[in-house]
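The values are calculated or read from the model by the stated rules, or taken from the named source; none is laboratory data. No experiment lies behind these values; they were computed from the predicted model shown. Neighbour counts are summed over all protein chains in view; Cβ atoms, including those assigned to glycine, are modelled from backbone coordinates with ideal geometry.
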Amino acid sequence: MLTRSGLGALIVALVLAALGWWWGYEELVIGAVAIAAVLTMAIWIAQRPLRAKVRRRVDTIRVPRGDPIRLTYRVRNDTKYRSSRATLIDRCDEQTTEMTIDPVGPDRVDDVHATIPTRRRGVFPVGPLDVVRIDPFYLAIGRWRDERDAATPTSVTVHPKVYDLVGPQGTARVVENESVIRRAATDPMSGFVSMREYVAGDDPRMIHWPTTARTGTLMVRENVEVRRPEFTIVLDTGADTCSDDDFEEAVDVAATMAVHALRSDLDVVVRTTHRQYPGVARPLVEEAQVLDLLTPVQRSNGDDLLQLPSLFAHGFDHTSIVMVTGPTGPSSRVPSIEQMATVRIGEGAEAQSGIALAAIDAADFVNRWRAWS
């Protein structure tokens, strides 16, 4: 393929050849032939395969949204001749990066490092990788694609970005029964109800020795199972509540709150109103579970949009709920319950009656959370 300079040279050669033939000037024809010879040589040089072999390694398989994907390109020249200069063009999720590789000497290996920006969540293939060569006169371009790389691309997971939150005070403002959650988690007597006399078959470990000494009769603790309260985060996926960019910020906020709850030793449940990715009604135990759940979630409407009450078929007991929605959300009617708070994220989000907190984006949410806490 010719560059702009190459196309210009081709046009000049054609004009010179036409004028030389029309006017009978052999000098013009010779000039046209010379330009054509240079163009032919440039095309031949540009189309020659690169002596060196290029292999890509993806250094970051998982990356937060907004952080770059880090790559290393190993350029190996196993020939006895110096390789030529070339340009590598790589891509991921419609984002492109270009880097120049210098000539590599015979039997040498060089590493070139590059990054590709990320802009949204998801699992994306990296590549295909193109190698571009330009002749020394910048008249022609040669391009090759690594077919092996195109056939077996490496995938990168871009998960929500998690911000650091100040806690646990901020959590306590949203989850009013956090102290109850902590007591249930740490107090072994949280299920204690009363004392009764020991009967054959009781667990000796349940004997309450101070009471036994005081009464002169073996007394055991009688416990009941106490259900551990939960902190539930609901991501509103209604397409009418926010734009694509605002939704990405809302997902970051939901992930940030869930991870913060895990780091604060709280039981956290993450649900979404997307029918395909509703989450599960049981607490998550690892941060990776939060990120894996929220990575593929997209905006939804119509039949793909779940109503909030359908996520809580067993009622709202033993849980405190935070709904993260867009600037015009929520997308469904929210029940008026004391243990529920709504957070709006996006351009134009405003705090009003029934809205606990409003922020422009995830970074603004973090700042407001700190002030709020």
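Taking segment 129-164 as the search range and keeping residues that are of a type in the set (A, V, I, L, M, F, W, C) and either in contact with a Cys (Cβ under 6 Å, 6 or more places away or on another chain) or assigned to a loop (DSSP other than H, G, I, E, B) (or both), which one is farthest from LEU294 (Cα to Cα)? Steps first, answer last, please.
From segment 129-164, those of a type in the set (A, V, I, L, M, F, W, C) are 129, 131-132, 134, 137, 139-141, 144, 150-151, 156, 158, 162; that's our starting set.
Filter again for either in contact with a Cys (Cβ under 6 Å, 6 or more places away or on another chain) or assigned to a loop (DSSP other than H, G, I, E, B) (or both), leaving 129, 137, 139, 162.
Values: LEU129: 29, PHE137: 51, LEU139: 49, VAL162: 12 Å.
Ranking the candidates gives PHE137 first.
Could you grab me the full set of residues in segment 93-119 that are surrounded by fewer than 17 Cβ atoms within 10 Å (Cβ to Cβ) and in a loop (DSSP other than H, G, I, E, B)?
Passing the criteria: GLU94, ASP102, PRO103, GLY105, PRO106, ASP107, PRO117, ARG119.
Collect the residues in segment 350-359 that are touching a residue at least 60 places away in the same chain (Cβ under 8 Å) and under 24 Å from the mean Cα position of the chain (by Cα), keeping them in residue-number order.
ALA359
Exactly one of (1) under 27 Å from GLN352 (Cα atoms); (2) modelled with pLDDT of 90 or more; (3) exposed (fewer than 15 other Cβ atoms within 10 Å of the Cβ) is unmet by SER310. Its number?
(2)
Please count how many residues of segment 257-283 are assigned to a strand (DSSP E or B) and among the charged types (D, E, K, R).
Here is the first cut: in segment 257-283, the ones assigned to a strand (DSSP E or B) are 268-272, 274, 279.
Keeping just the survivors that are among the charged types (D, E, K, R) gives 271.
Adding up the residues that qualify gives 1.
Before we move on, is ASP78 surrounded by 15 or more Cβ atoms within 10 Å (Cβ to Cβ), farther than 21 Å from ASP135 by Cα and not assigned by TED's automatic domain parsing to the domain that holds ASP292?
So ASP78 does not fit the description; no.
Please find, among VAL220, VAL180, the residue that is among the aliphatic types (A, V, I, L, M), surrounded by 12 or more Cβ atoms within 10 Å (Cβ to Cβ), outside any loop (DSSP other than H, G, I, E, B) and modelled with pLDDT of 85 or more.
Exactly one residue qualifies, and that residue is VAL220.
Would you point out the residue of segment 270-288, among those that are closer than 19 Å to ILE321 by Cα and of a type in the set (S, T, N, Q), that is surrounded by the fewest Cβ atoms within 10 Å (Cβ to Cβ)?
Looking at the filtered set, the residue picked out is THR272.
Looking at (1) modelled with pLDDT under 90; (2) under 24 Å from THR118 (Cα atoms), can you tell me which one ARG228 breaks?
Unmet condition: (2).
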